Amino acid sequence: MRPACLLLGLGVGGFIDGIVLHQLLEWHHMLSGWYPADMQANMVADGLFHLLCLMFVVTGIALLVRAAPQAPPDRGRRAFGWMLAGWGWFNLVEGTVDHLVLGVHHVRAGAGQLAYDLAFLAVGAGFVVVGTLLGRRRAEAPG
């Protein structure tokens, strides 16, 4: 169940990032750090990014369905925990590689962009910690 939920969290976290930060707030497109004026390249890159997120979600669902018969009774809470951890790992990897190392884009370019990028990483780290705690903690047996 853990790999399935981590993949679901990666995919859902990527979708939320893409929908909220890329599309609604227009803060950062996939290649905006390298090609800030080329909206066509940024939109194609965002589309490929969403396609990757969809592949993570579909694969996670397939693995979850396969694992369902062996799932523990507290699987809902634990699944949510591992999905939250997966979302956190998405933020940490994407934020470190794309924002800090490659400079492909930033959460919000301009004044204070490092603070936004670090906050993105801090939220991701918090999701990993809380999600892992929820995912690992087993419910106590009744009686």
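Using the Karplus relation 6.51 cos²θ - 1.76 cosθ + 1.60 with θ = phi - 60°, the per-residue 3J(HN,Hα) values for segment 129-136 come to 5, 5, x, 5, 4, 5, x, 7 Hz, with x marking Gly and Pro.
A convex hull fitted around the alpha carbon atoms of segment 4-140 yields 93 Å³ per residue. If you run the Gaussian network model on the chain, springs between alpha carbon atoms under 10 Å, then out of Gly110, Gly33, Gly124 the most flexible one is Gly110. Compactness check for segment 66-143: Cα Rg over 2.2 N^0.38 Å is 1.44.
By the helix-only formula, in which each DSSP H run with n ≥ 4 contributes -39500 (n - 2.57) and the sum is divided by residues, the chain has a 222 nm mean residue ellipticity of -21500 deg cm²/dmol.
Nonpolar atom fraction for the chain, defined as the carbon and sulfur part of the 1.4 Å probe accessible area, stands at 71 percent. Taking amide H atoms as placed 1.01 Å from N in the peptide plane, the amide H of His106 lies under 5 Å from those of Gly33, each 5 or more residues away in sequence or on another chain.
The values are calculated or read from the model by the stated rules, or taken from the named source; none is laboratory data. Quick caveat: nothing in here was measured; it's all calculated off a predicted structure. These accessible areas exclude ligands, DNA and RNA; they are computed on the full protein's heavy atoms, side chains included. Shrake-Rupley method; radii C 1.70, N 1.55, O 1.52, S 1.80 Å.
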